[in-house]
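The values are calculated or read from the model by the stated rules, or taken from the named source; none is laboratory data. Worth saying up front: this structure is predicted, and the values here are computed from it rather than measured. So basically every Cβ, Gly included, is an ideal-geometry build from the backbone, and we count neighbours across all protein chains shown.
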Amino acid sequence: MRYLGIDFGMRRVGLAVSNEEGTIAFPRITLKNDDDLTREILKLIETEKIHHIIIGDTKALSGEPNPIVSLSVDLFIEELKAGIAIPIEKVFEGWSSIEASRYAPKGKEHDDAAAAAIILQRYLDAKSASQML
């Protein structure tokens, strides 16, 4: 089962795709958050044969929603749901951009696709661990 990880931002959206086994996440691309975003992601979902979408939840550590981004993420999810019939899950994304920057080459410290891969990899690792219990 192939997964798509999404790091949603108001200006840019990072995408990552898992391997076919759903065990390893790979940064794929960063897209502009514009009128073409949903169409481009739906095309990627079809091309990559995605079965499940994981999107970073922008809630604060306290659990409070991010007043600007949370509503936009929810609207974005509704747009995706109108174009596809696959599961979409929101997962905690805290510090994913900081973690991704640790592994980035100098000058590329802010990579939204790498942050999407961190979000997706965390999900895949947690899913794998829960299946072992």
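For the range 1-50, the set of residues classified as part of a helix (DSSP H, G or I), within 12 Å of the chain's Cα centre (by Cα) and surrounded by fewer than 16 Cβ atoms within 10 Å (Cβ to Cβ) is empty. Restricting the first member to the range 108-129 and to residues that are farther than 17 Å from ARG28 by Cα and modelled with pLDDT of 85 or more, and the second to residues that are among the polar types (S, T, N, Q) and surrounded by fewer than 20 Cβ atoms within 10 Å (Cβ to Cβ), the beta-carbon pairs closer than 9 Å and six or more apart or on different chains are ASP125/THR23. Among the conditions (1) modelled with pLDDT under 95; (2) buried (at least 16 other Cβ atoms within 10 Å of the Cβ); (3) over 25 Å from ASP125 (Cβ atoms), LYS90 misses just one, which is (3). Please indicate, with yes or no, whether at least one residue in the range 54-61 is polar (S, T, N, Q) and without any contact (Cβ under 8 Å) to a residue 24 or more places away in the chain. No: the range 54-61 contains no residue that is polar (S, T, N, Q) and without any contact (Cβ under 8 Å) to a residue 24 or more places away in the chain. Within the range 30-49, the set of residues being touching a helix residue (DSSP H, G or I) at 6+ places or on another chain (Cβ under 6 Å) and more than 14 Å from LEU80 (Cβ to Cβ) comprises THR30 only.
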